[in-house]
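The values are calculated or read from the model by the stated rules, or taken from the named source; none is laboratory data. On a predicted model such as this, the values are computed, not experimentally measured, just so you know. When we count neighbours, we look across all protein chains shown, and the Cβ atoms used for this are built from the backbone with ideal geometry, even at glycine.
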Amino acid sequence: MDTRKTIYMDHAATAATDPEVVEAMLPYFAEKFTNPATLYTPGRGNDEVIEAARETIAKVIKADPGEIYFTSGGTESDNWAVKGVALASEKKGRHIITSAIEHHAVLEPCEFLKKRGWDITVLGVSDTGLVDPADVEKAIRNDTVLVSVMHANNEIGTIEPIADIAKITRAKGVIFHCDAVQTIGKIPVDIKALGVDMASASAHKFYGPKGVGFAYIRKGTRVETFNHGGGQEAGRRAGTHNVPGIVGMAKAIELADARLGDGARLTSLAEMLWKGLVNSIPDMLRNSPQGNSLPGFLNIVVEGVEGEAMLLRLDGKGVCVSSGSACTTGSLEPSHVLLAIGLPAEVAHGSVRFTLGRENTEEDVKHVIKEFPKIVAVLRQMSPTYKPDCRKGGLPYAI
Ligand SMILES: Cc1ncc(COP(=O)(O)O)c(C=O)c1O
């Protein structure tokens, strides 16, 4: 995609790899191609490169290097946490607690375990997408082996009270996994201060390469080996290392950490976008909570219009957005996250997610503020369900 001709506002789905990251990766494809496990001279440096990357990542999230395990991304790290803890703790119990707004990379492994006899408690959330730590406490039983709650939601951007939940799980001796795919590299993450036992991260969300990520596993946490094979990653996740990817991820997290201050700019751009749209589009709701969302996040629902239709028309104006989670594109089901915050299915269908990033400017936001209301007006004229004349203002459902 030629990003110069488009306004890309889908950074929660993925971000362009930073040119400095690409540059750092390039030597490891051909020139320094050798397997880090080899003993001959040309291969020898690559194991040190892997360990240096581990140290860089550990430093940024304030972990110990031995607690960072390289994986193929967020999905693998999430699967490892859920299935790995379940298998390691079978003798203690077969109960797992998670939330209704988790990514499918957590919900699907839970579903997989449920079919095999595990008991899964799925906690509801508030209308802003918050998990209540008191609900976690109430749900914990003697046979609970894992709590998995995400750090921030990928569809609406809500940031969860992870440290408060961790205090509860720690006191009860239950392992706590946190999907931090949307936060690591975007907001400050001090993993020890959060108090979680496991966390998932993915490089492509913070301007690194796709197909590489890491799992944080606190020392002493009982989790089964994910990939059986060679002895890589302390024998816990076998497979030849993705050296270019790991080098790129370490460079990307370093750069992202240095640019965390940009978050305030992205938050104000998202506010500018919201104000611009809400002033000109009636019957529209904001799903991303003001003051507790990831920087640059704005998820809205526009009554009487399909999200996909808005997405395609915005695309026609050079603007890339998402109408839900990119990972579920192609599905006609309404977003499970929007249903969980209480939106009726027909309303949830009208959602658009703008996620702004590094390259977005005020000019980009102004372009959307100019074009989007026109798109909505046209689509509403064609809409069989939108009847503003019969309405007295406000939306006909409780939010
Ligand atoms: C919260 C969350 N978890 C997990 C994933 C999956 O990560 P990956 O694309 O690296 O497999 C995503 C990707 O969108 C995500 O947003």
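Observations on the structure shown:
- Residue that is part of a loop (DSSP other than H, G, I, E, B) and either farther than 14 Å from ALA215 by Cβ or in contact with a Leu (Cβ under 8 Å, 6 or more places away or on another chain) (or both), where the choices are ALA15, ALA52, ALA63, ALA24: ALA15
- Tally of residues being buried (at least 21 other Cβ atoms within 10 Å of the Cβ) and at pLDDT below 95 across region 278-304: 1
- Test: THR71 is under 12 Å from PHE226 (Cβ atoms) and either crowded, with 20+ Cβ neighbours inside 10 Å or β-branched (Val, Ile, Thr) (or both): yes
- Qualifying residue in region 312-327 (condition: modelled with pLDDT of 95 or more, over 20 Å from VAL181 (Cα atoms) and part of a strand (DSSP E or B)): yes
- For region 192-211, filtering for residues that are buried (at least 24 other Cβ atoms within 10 Å of the Cβ) and either on the phi > 0 side of the Ramachandran plot or of a type in the set (S, T, N, Q) (or both) leaves 3.
- Out of ASN292, ASN227, one residue alone is of a type outside the set (Gly, Ala, Ser) and within 16 Å of the ligand (Cβ to nearest atom). It is ASN227.
- Filter pass, PHE226 being in the same structural domain as ILE191 (by TED's automatic domain parsing), under 24 Å from the mean Cα position of the chain (by Cα) and at pLDDT below 95: yes
- Set PRO27, PRO42, PRO19, PRO36: member being surrounded by 13 or more Cβ atoms within 10 Å (Cβ to Cβ), more than 16 Å from the ligand (Cβ to nearest atom) and free of Cβ contacts under 8 Å to residues at least 24 places away in the same chain: PRO27
- Meeting the requirement of 2 or more residues that are in contact with a helix residue (DSSP H, G or I) (Cβ under 9 Å, 6 or more places away or on another chain), among the small types (Gly, Ala, Ser) and outside the structural domain of LEU298 (by TED's automatic domain parsing), the strands (runs of 3 or more DSSP E) wholly within region 139-206 are 198-202.
- The residue list ILE120, ILE96 contains one member that is surrounded by 23 or more Cβ atoms within 10 Å (Cβ to Cβ) and either more than 16 Å from the ligand (Cβ to nearest atom) or outside any helix (DSSP H, G or I) (or both), which is ILE96.
- Meets criteria (within 28 Å of GLY342 (Cβ to Cβ) and touching a residue at least 12 places away in the same chain (Cβ under 8 Å)) for LEU107: yes
- Leading residue by the ranking (farthest from the chain's Cα centre (by Cα)) among those in region 260-311 that are among the β-branched types (Val, Ile, Thr) and outside any helix (DSSP H, G or I): ILE281
- Residues of region 358-385 that are part of a helix (DSSP H, G or I) and surrounded by 15 or more Cβ atoms within 10 Å (Cβ to Cβ): ASP364, VAL365, HIS367, VAL368, ILE369, GLU371, PHE372, PRO373, ILE375, VAL376, LEU379, ARG380.
- Residues located in region 65-81, provided they are away from the ligand (no atom under 12 Å from the Cβ) and either free of Cβ contacts under 8 Å to residues at least 60 places away in the same chain or touching a Pro at 6+ places or on another chain (Cβ under 8 Å) (or both): PRO65
- Test result for GLY239, more than 14 Å from the ligand (Cβ to nearest atom), on the phi > 0 side of the Ramachandran plot and not acidic (Asp, Glu): yes
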